[in-house]
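First comes the structure, then the notes that go with it.
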Amino acid sequence: MSLTITTVNVNGIRAAVKHRSEANRGLLHWLAACDSDVVLMQEVRAEPEQARESLAPALDDGWHFAMSASVVKGHAGVGVLSRVPITAVRAGFGSDEFDPTGRYLEADIDSSLGAMTVASLYLPKGAAATTAPKDVAKYEEKVRFLDEFGTYLDRLRRRRRHVVVGGDWNIAHGEADIKNWKGNLKSPGFLPHERSWVGALLDGGWNDVARDLAPDDDGPYTWWSWRGKAFDNDSGWRIDYQLANRTLAGRAVKATVDRADAYDLRWSDHAPMTVVYD
């Protein structure tokens, strides 16, 4: 049997579930129609009870839910929705600085493919390398996160079970992952040290399963700015992806991005990114 896993930055769960129009009925309508067994969510931006209230129809329909909120109200927050019962949950990755910020959550499930750990990640955006104090602080914060999290991921991939980390990585690894790569060489998310960090993960045993399935394709992009004509022109970034350890990566058979048909049909500035494992 196959297992379908989706990752999506919901850009605020309470906003995402809103019924905007008959054509755009929000996250809950999408969730009811999707074939996913697991949905990894980022930027929930709510307390657990608020998220559960927003997701009540889905939970009543049988979805299991776990989340990690940030100590900063209305910021970050990650969650896991699963049609398969969740057997264990771990918030954070052992970091005194970042565990309280709602950026990483693991859930264990007994899937149709065997024992599996699914994880939802919301990696800091960071900032460009300028001398402005605010940029310096954000740049250095991301560096610290990458250092700590990279060490943790090296241990995680060695677990004797299937492991997948999906989320908003806030890093476009290669030129094919960003439409205007030449104009963003000094932008956070496409800086040399960020791209090298992802490259080291891939060299170290993790697999970017969507890229493995379509090595020569541009995109498909998963995030577009709300501003200007970025979405209409498909001037996006591929920053939402799933890294799987080798035991699971070999079972990836299909990867898709559920891009809305029009700008006003979006319920987030990110699109759901889905992988089928068989």
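Every number here is computed from the coordinates shown, using simple stated rules; none is lab data. Owing to the predicted nature of the structure, the values given are computational and were not obtained by experimental measurement. Cβ sites come from the backbone with ideal geometry, for glycine too, and all protein chains shown count toward neighbours.
So the values come out like this:
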{"read-out": "Burial ordering of Val89, Val39, fewest other beta-carbon atoms within 10 Å first", "value": "Val89, Val39"}
{"read-out": "Overall Cα dimensions of region 34-100 - principal axes, largest extent first, Å", "value": "36, 23, 17"}
{"read-out": "Cβ-derived FRET efficiency at R0 41 Å, Arg160 paired with Arg227, nearest 0.05", "value": "0.35"}
{"read-out": "Region 167-209: trypsin sites (Lys or Arg not before Pro) falling in loop per DSSP and having at most 15 other Cβ within 10 Å", "value": "Lys186"}
{"read-out": "Cβ-Cβ FRET estimate between Thr256 and Ala137, R0 fixed at 30 Å, reported to 0.05", "value": "0.20"}
{"read-out": "Label-point separation in nm, Cys34 to Ala15, each point 7 Å along Cα→Cβ", "value": "1.8"}
{"read-out": "Exposure proxy ranking, count of Cβ atoms within 10 Å, fewest first, for Arg52, Arg157, Arg103", "value": "Arg52, Arg157, Arg103"}
{"read-out": "The chain - share of DSSP beta bridges that are antiparallel (%, nearest 5)", "value": "80"}
{"read-out": "Distance from region 1-77 to region 174-201 (C-alpha centre basis), Å", "value": "28"}
{"read-out": "Cut-off 19 Å (backbone N to label point 7 Å along Cα→Cβ of Met1), residues of region 91-108", "value": "108"}
{"read-out": "Cα gyration tensor shape for region 3-277, rounded if a/c is under 1.5, else prolate or oblate", "value": "rounded"}
{"read-out": "Computed [θ] at 222 nm, helices only, for the chain once each DSSP H run of length n ≥ 4 contributes -39500 (n - 2.57)", "value": "-7000 deg cm²/dmol"}
{"read-out": "Within the chain: Cβ-based charge dipole about Cα centre, in debye rounded to nearest 20 (Lys, Arg +1; Asp, Glu -1)", "value": "300"}
{"read-out": "Check: region 149-278 dipole with +1 on Lys, Arg Cβ and -1 on Asp, Glu Cβ, in debye", "value": "640"}
{"read-out": "Euclidean distance of C-alpha centroids, region 80-127 and region 203-230, integer Å", "value": "21"}
{"read-out": "Neighbour-count ranking [beta-carbon atoms within 10 angstrom, fewest first] of Thr222, Thr131, Thr87", "value": "Thr131, Thr87, Thr222"}
{"read-out": "Contour excess over end-to-end distance, with Cα ends at Lys125 and Glu22 and 0.36 nm allotted per residue", "value": "33.7 nm"}
{"read-out": "Pairs of Lys in the chain closer than 23 Å at Cα, counting only those 8 or more apart or on different chains", "value": "22"}
{"read-out": "Size of charge dipole - region 1-86 - debye, nearest 20, with Cβ of Lys, Arg +1 and Asp, Glu -1, no other charges", "value": "260"}
{"read-out": "Karplus-derived HN-Hα couplings along region 60-70 (A = 6.51, B = -1.76, C = 1.60, θ = phi - 60°), whole Hz, x at Gly and Pro", "value": "5, 7, x, 5, 9, 9, 9, 8, 10, 8, 8"}
{"read-out": "Loop GluC sites (Glu not before Pro), region 51-147, which have at most 14 other Cβ atoms in a 10 Å radius of their Cβ (DSSP)", "value": "Glu97"}
{"read-out": "Contour minus Cα-Cα distance for Asp147 and Asp212 (0.36 nm per residue)", "value": "20.9 nm"}
{"read-out": "More than 27 angstrom apart: percent of Cα pairs within region 1-139", "value": "24"}
